[in-house]
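Engineer: I have a structure I would like to understand better, so I am pasting it below and will then ask my questions one at a time.
The values are calculated or read from the model by the stated rules, or taken from the named source; none is laboratory data. Owing to the predicted nature of the structure, the values given are computational and were not obtained by experimental measurement. When we count neighbours, we look across all protein chains shown, and the Cβ atoms used for this are built from the backbone with ideal geometry, even at glycine.
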Amino acid sequence: MLAIYKKELRQYFSSMIGFVFLAFFLVIIGIYTWAYNLSGGIGNFEETLGSISFLFVILIPILTMRIVAEENHQKTNQLLYTAPVSITKIILGKFFAVVSLFGIGILVICLYPLILNMYGTDVRLSLAYSSIIGFFLLGTACIAIGMFISSLTESQVIAAVGSFITLLLMYLLSNLTSLIPTDALTQCGLTAIIWLAIAAITYSLMHNPTVSVLLGVIGEAVIWILYFVKSSLYESLLNNILNVLAISTKFDDFSLGILNYDTIVYYLSFAFVFVFLTIQTIKKKRFS
């Protein structure tokens, strides 16, 4: 895994992608720091990071689009499948290489609160560094999502667009849920539609019509039986689920200086799930 990690990290800087990412990342954060903190005379660096969390929607797809899709396109994934290293170690090496590149940018912005504290007042370092920790965890979760989408295609462009759309929707979920009616019937109907979509995705991944049909039929039956038995279970159910998936809203706790273990576990779990899905996707292609 260490060899894969070093190779991937070295490749980011030999192909200039790493330098371009860090340049855009630090320039944008620098502009917002100047506008919010230096020009505005405000010492709340946590508000600066909170206002640019959308940055991941733009930069992460560019950073992760090649991580697996390039291997698929160049057919070098065959070498990975036959390498004397497990798929898990290969994917973890790639993932930690991207996280390390992102971590370099985070280490640089760790200096910003100290600089603001030297030349200004009202800089609350505890809140600033709490927000930086949350910013890093949020970015790590987004990287895992981007890597998973990259494993689904051979085209880097499709991987980038897919990651952009996925991350954008996850950022907008908290706003979209307010538009969904909370009555039980509407929530049940939407849940049934989503379950059909899950069954369709299962078929596209497994190409097993029996499993997909059984999954869809049994799931639909359970959904509607529960509705007729106890419809109150569905009141605001989908809204609550979608709010859980709105990863940007969890960052608010870090901006307030609150290091909740459940929020940290939430981001780490998000990263774990999508890294696991990436590994399973590669394994499926390997055995097929």
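Engineer: Here are some conditions: (1) among the hydroxyl-bearing types (Ser, Thr, Tyr); (2) within 22 Å of the chain's Cα centre (by Cα); (3) under 25 Å from Leu179 (Cα atoms). Thr281 meets all but one. Which one does it not meet?
Structural biologist: (3)
Engineer: Exactly one condition in (1) assigned to a helix (DSSP H, G or I); (2) touching a residue at least 12 places away in the same chain (Cβ under 8 Å); (3) of a type outside the set (D, E, K, R) is not met by Phe228; state its number.
Structural biologist: It is condition (2) that Phe228 fails.
Engineer: Kindly indicate whether any position in region 209-216 is surrounded by fewer than 17 Cβ atoms within 10 Å (Cβ to Cβ) and under 24 Å from the mean Cα position of the chain (by Cα).
Structural biologist: Let us first name the residues in region 209-216 that are surrounded by fewer than 17 Cβ atoms within 10 Å (Cβ to Cβ), namely 209-211, 213-214.
In the following step, the residues that additionally are under 24 Å from the mean Cα position of the chain (by Cα) were identified as none.
No, region 209-216 contains no residue that is surrounded by fewer than 17 Cβ atoms within 10 Å (Cβ to Cβ) and under 24 Å from the mean Cα position of the chain (by Cα).
Engineer: Kindly provide the set of residues from region 1-43 that are touching a Ser or Thr at 6+ places or on another chain (Cβ under 9 Å) and without any contact (Cβ under 8 Å) to a residue 60 or more places away in the chain, ordered by number.
Structural biologist: Listed by number, the residues that qualify are Tyr32, Ala35, Tyr36.
Engineer: Something else about it: Let me spell it out: the conditions are (1) buried (at least 16 other Cβ atoms within 10 Å of the Cβ); (2) touching a residue at least 40 places away in the same chain (Cβ under 8 Å); (3) touching a helix residue (DSSP H, G or I) at 6+ places or on another chain (Cβ under 6 Å), and Thr281 meets all of them except one. Which number is the exception?
Structural biologist: Against the list (1) buried (at least 16 other Cβ atoms within 10 Å of the Cβ); (2) touching a residue at least 40 places away in the same chain (Cβ under 8 Å); (3) touching a helix residue (DSSP H, G or I) at 6+ places or on another chain (Cβ under 6 Å), Thr281 comes up short only on (3).
Engineer: Could you look through region 185-204, keep only residues that are without any contact (Cβ under 8 Å) to a residue 24 or more places away in the chain and of a type outside the set (A, V, I, L, M, F, W, C), and pick out the one that is farthest from Leu233 (Cα to Cα)?
Structural biologist: Top of the filtered list is Ser204.
Engineer: Then there is this: Leu259 fails exactly one of the following numbered conditions: (1) part of a helix (DSSP H, G or I); (2) assigned by TED's automatic domain parsing to the domain that holds Ile145. What is the number of that condition?
Structural biologist: Tallying (1) part of a helix (DSSP H, G or I); (2) assigned by TED's automatic domain parsing to the domain that holds Ile145, Leu259 fails exactly one: (1).
Engineer: Could you please give the count of residues in region 230-288 that are at positive phi and among the hydroxyl-bearing types (Ser, Thr, Tyr)? Spell out how you get there, then give the answer.
Structural biologist: Residues of region 230-288 that are at positive phi, as a first pass: 236, 257.
Now drop any that are not among the hydroxyl-bearing types (Ser, Thr, Tyr), which leaves 236.
The number of residues fulfilling the criteria is 1.
Engineer: Kindly evaluate Leu238 against the criterion of being modelled with pLDDT of 75 or more and within 12 Å of the chain's Cα centre (by Cα).
Structural biologist: On the way: modelled with pLDDT of 75 or more: yes; within 12 Å of the chain's Cα centre (by Cα): no.
It is false that Leu238 is modelled with pLDDT of 75 or more and within 12 Å of the chain's Cα centre (by Cα).
Engineer: Within region 267-275, identify whether any single residue is in contact (Cβ under 8 Å) with a residue 24 or more places away in the chain and in contact with a Gly (Cβ under 9 Å, 6 or more places away or on another chain), and answer yes or no.
Structural biologist: Yes: one or more hits.
Engineer: Among the residues of region 243-251, are any among the polar types (S, T, N, Q), in contact with a Phe, Trp or Tyr (Cβ under 6 Å, 6 or more places away or on another chain), modelled with pLDDT under 85 and more than 30 Å from Leu125 (Cα to Cα)?
Structural biologist: Taking region 243-251 and keeping what is among the polar types (S, T, N, Q), we get 243, 248-249.
If we keep only those that are in contact with a Phe, Trp or Tyr (Cβ under 6 Å, 6 or more places away or on another chain) as well, we get 248.
If we keep only those that are modelled with pLDDT under 85 too, we end up with 248.
This time we only want the ones that are more than 30 Å from Leu125 (Cα to Cα), so: none.
No, that holds for no residue.
Engineer: Just the residues that are of a type in the set (A, V, I, L, M) and either modelled with pLDDT under 80 or touching a helix residue (DSSP H, G or I) at 6+ places or on another chain (Cβ under 8 Å) (or both), please, taken from region 21-50. Can you show your working first?
Structural biologist: Keep residues of region 21-50 that are of a type in the set (A, V, I, L, M), which gives 22-23, 26-29, 31, 35, 38, 42, 49.
Within region 21-50, Leu22, Leu26, Ile28, Ile29, Leu38, Ile42, Leu49 qualify.
Engineer: Here are some residues: Leu116, Leu111, Leu167, Leu152. Which one is under 23 Å from Ser255 (Cα atoms), surrounded by fewer than 21 Cβ atoms within 10 Å (Cβ to Cβ) and assigned by TED's automatic domain parsing to the domain that holds Ile91?
Structural biologist: Details: Leu116 fails: surrounded by fewer than 21 Cβ atoms within 10 Å (Cβ to Cβ); Leu167 fails: surrounded by fewer than 21 Cβ atoms within 10 Å (Cβ to Cβ); Leu152 fails: under 23 Å from Ser255 (Cα atoms).
Unique residue meeting the criteria: Leu111.
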